Amino acid sequence: AQKVTQAQTEISVVEKEDVTLDCVYETRDTTYYLFWYKQPPSGELVFLIRRNSFDEQNEISGRYSWNFQKSTSSFNFTITASQVVDSAVYFCALSDTGGYSGGGADGLTFGKGTHLIIQP
Amino acid sequence: EPEVTQTPSHQVTQMGQEVILRCVPISNHLYFYWYRQILGQKVEFLVSFYNNEISEKSEIFDDQFSVERPDGSNFTLKIRSTKLEDSAMYFCASSERVRDSAFGPGTRLTVL
């Protein structure tokens, strides 16, 4: 069974600080996908990134960067020079091939989320 | 850019009533999903649907729940007899390929 742990329930930083959100996952599969989603106060889920288990290259997109380390089963997310608009709940999620049908339409397993507060 | 839509945005119902939550997935997508998020908690997978049948379902998705694709565009979640604990945000998602889901804006269900 898969599991995603986001140990940080809430993080509060002052604007322009860098902040890292941790994500640790568990899966028995060798093929899996990891995701990060942002949920602003308005409630929708905004896709940020998808990474497959065979691609351990770190990725940078503007102020966002992701560090995927299979050795520690972690997929951490860093926001550089944080802004007030980054305030949201951030969810890490995992999809593997654990579905009973094997048909591939497997649901995502989400972590509990980290509530990020950026203070002006 | 095409997006997943959901109606209504907010549904209020009495305990014991049936509700149907509606979703219009992105038109060329083949995989459809429902997720639930109780207020302040994590997003939980309910069910996935592919080729006109359920592909996977979680423990939450018991006999009170059912899904249907009644026509070529809609994907519905029915809760037969709502309970107080069914109050949550329900997200629909669809994907063209496996694991590439686009989420809808959600329907907030309030059971009184």
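Report the relative contact order of the range A:2-120, percent, no decimals, based on alpha-carbon pairs under 8 angstrom and at least 6 residues apart. Let's see the in-between values first.
Numbers: 286 pairs, mean separation 45.2, N = 119.
Result for the range A:2-120 is 38 percent.
Which net charge results for the neighbourhood of B:PHE65, defined as the other residues with beta-carbon distances under 14 angstrom from its beta-carbon, given Lys and Arg at +1 and Asp and Glu at -1? Write down the numbers at each step before the final one.
Details: positive: B:ARG36, B:LYS57, B:LYS78, B:ARG80, B:LYS83; negative: B:GLU18, B:GLU44, B:GLU56, B:GLU59, B:ASP62, B:ASP63, B:GLU68, B:GLU85, B:ASP86.
Here the count lands on -4.
Out of every Cα-Cα pair in the protein assembly as shown, what percent are more than 31 Å apart? If you can, show how the numbers build up before the last one.
Details: 5887 of 26796 pairs.
The answer is 22 percent, as a whole percent.
Just counting partner chain Cβ atoms within 10 Å, what average do the residues of peptide A:83-92 show around their Cβ?
Taking all residues of A:83-92 together, the mean is 1.
Normalised by the empirical 2.2 N^0.38 Å for globular proteins, what value does the Cα Rg of chain A take? It would help to have the intermediate numbers written out before the result.
Working: Rg = 14.4 Å, N = 120, 2.2 N^0.38 = 13.6 Å.
In units of the globular-protein estimate, chain A measures up at 1.06.
Using a 10 Å cut-off around each Cβ of peptide A:108-114, what is the average number of partner chain Cβ atoms that fall inside? Spell out each step's value before the answer.
On the way: counts 10, 5, 7, 2, 4, 5, 0.
Mean number of neighbouring Cβ atoms from other chains: 5.
Can you put A:ILE60, B:ILE26 in order of Cβ neighbours within 10 angstrom, beginning with the fewest? It would help to have the intermediate numbers written out before the result.
Values: A:ILE60 10, B:ILE26 17.
With the fewest neighbours first, A:ILE60, B:ILE26 line up as A:ILE60, B:ILE26.
If you bin every alpha carbon distance in the range B:8-112 into 10 Å steps from zero, what whole percent lands in each bin?
Spelled out per bin, shortest first, that is 16, 52, 29, 4.
What does the structure give for B:85-95 when I average, per residue, the other chain Cβ atoms found within 10 Å of the residue Cβ?
Working: counts 0, 0, 0, 0, 4, 0, 3, 0, 4, 0, 1.
Whole-number average of other-chain Cβ neighbours for B:85-95 is 1.
Give me the percent relative contact order of the range B:1-76, please, defined on Cα pairs under 8 angstrom at least 6 residues apart.
In percent, rounded to a whole number, it is 26.
Which GluC sites (Glu not before Pro) in the range B:8-100 pass both tests, a DSSP loop state and at most 10 other beta-carbon atoms within 10 Å? Could the numbers behind the result be given before it?
On the way: sites: B:GLU18, B:GLU44, B:GLU53, B:GLU56, B:GLU59, B:GLU68, B:GLU85, B:GLU96; in loops: B:GLU18, B:GLU59, B:GLU96.
In loop regions of the range B:8-100 (DSSP not H, G, I, E or B), the sparsely surrounded GluC sites (Glu not before Pro) are B:GLU59.
Sort out the exposed loop trypsin sites (Lys or Arg not before Pro) in chain A (DSSP loop, at most 14 other Cβ within 10 Å) and tell me the longest stretch that has none. Numbers along the way, then the final one.
Working: sites that count: A:LYS16, A:ARG28, A:ARG63.
The segment A:64-120 is the longest one with no such site.
Throughout, read-outs are computed from the coordinates displayed, never taken from laboratory work. Remember, it's a predicted structure, so these values are computed and weren't measured experimentally. Glycine gets a Cβ as well: all are built from the backbone with ideal geometry, and neighbour counts include every protein chain shown.
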